[in-house]
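Written out below as structure tokens is the structure these notes cover.
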Amino acid sequence: MPAYIEIIDDYDHNGNVEYILENVLMPDDGSPEYRRLKDDYNSQLTLSCTCTDNCSNIVLCYHGDGIKYTRVKGELVLLSSADKQFPSIIECNDLCECRITLCTNRRVQYGPRKNLEVFESPLYKSKGLRTTADIPSGAFICEYAGELLTLPEARRRLEHIDKNCLVNYILCLNEHVAPQSPYLVQKKLLLTIVDPAQRGNIGRYLNHSCQPNCEILPVRTNCPIPKIGIFAKHDIYANEELCFHYAGEEHRDGMSNGKPCLCGAPHCIGFIPNSRI
């Protein structure tokens with residue numbers, strides 16, 4: 001019997017937003033795109049480990065190459081990018097034979113870290129998210145969770161947002177997956193679109209920065225659709241506001257001008273990236 005994972009998330013919203021613990025499907029619009037999205041959402045990753053120890057041996061454990069426990073930091077943190085073999089983190093899942101009490105390859109599926117706080121950001125003049133305790137480099141912070149959208153629905157919502165001058169929370173994650181990935185046989189582009197505008201978690205409150213202290217990475221547990229994990233790029237100290245680059249720091253060029261950026265970074269590009277999909 002697969003072990004039950006309880007997501008520990010005691011946070012809440014201060015507005016008229018439905019708080020959810022992890023991604024949910026958009027409403028059924030009857031389209032073929034929705035049916036494909038639903039099929040993926042209800043699918044199970046079949047690659048599982050047969051570990052009897054703590055899953056720290058990457059030769060024996062198919063999954064244990066993304067995060068590891070360090071005594072110095074006292075928690076599971078990201079391995080350096082040079083050590084990563086795959087383009088995303090794959091945590092042990094419900095089909096794995098490892099004991100949950102020993103496994104060191106499960107973190108994102110347990111939910112956000114403690115000591116996070118939604119506050120009124122004086123820098124951005126809007127709500128933001130900060131930590132009330134130090135966070136070590138590479139540590140998981142929270143998931144960016146919301147409604148999973150099809151590409152046509154995302155385009156429809158973006159058109160509505162632009163027309164009505166609304167705040168855009170839609171995040172589009174592009175993965176260029178190599179053939180050696182354990183869940184694909186040929187290289188392709190994977191697109192994951194999340195909208196936490198009406199149904200989301202505290203991840204929606206992270207503001208943009210041109211020089212952020214956080215980064216996003218795809219993390220897979222049971223489902224082939226990844227969770228969008230937010231991790232510390234470097235050591236973050238108590239009372240720092242948490243921010244990530246909305247377009248990804250490697251994609252600074254080719255972005256259409258959005259709203260003026262208020263991040264105040266020395267190398268601020270002057271506007272919040274507003275890519276089209």
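Structure notes:
- Number of positions in segment 1-54 that are acidic (D, E) and in a loop (DSSP other than H, G, I, E, B): 8
- Selection from segment 18-60 of residues that are closer than 21 Å to A139 by Cβ and of a type outside the set (A, V, I, L, M): E22, N54, C55, S56
- Among residues of segment 24-42, those that are of a type in the set (G, A, S) and in contact (Cβ under 8 Å) with a residue 40 or more places away in the chain, counted: 1
- The residues of segment 135-173 that are touching a strand residue (DSSP E or B) at 6+ places or on another chain (Cβ under 7 Å) and outside any strand (DSSP E or B), listed by number, are P136, S137, G138, Y144, A145, G146, L151, A154, R157, Y169, I170.
- Residue match in segment 104-122 (condition: closer than 18 Å to N23 by Cβ and among the aliphatic types (A, V, I, L, M)): yes
- Segment 10-35 - residue that is modelled with pLDDT of 90 or more and acidic (D, E) and, of those, nearest to V108 (Cα to Cα): E22
- Residue match in segment 36-56 (condition: closer than 17 Å to Y144 by Cα and at pLDDT 90 or above): yes
- Restricting segment 59-76 to residues that are within 24 Å of I225 (Cβ to Cβ) and of a type in the set (A, V, I, L, M), the residue that is modelled with the lowest pLDDT is I67.
The values are calculated or read from the model by the stated rules, or taken from the named source; none is laboratory data. Predicted model, so just to flag it, every value in this text is computed and none were measured. In this analysis, Cβ positions are derived from the backbone assuming ideal geometry, glycine residues included, and neighbour counts consider all displayed protein chains.
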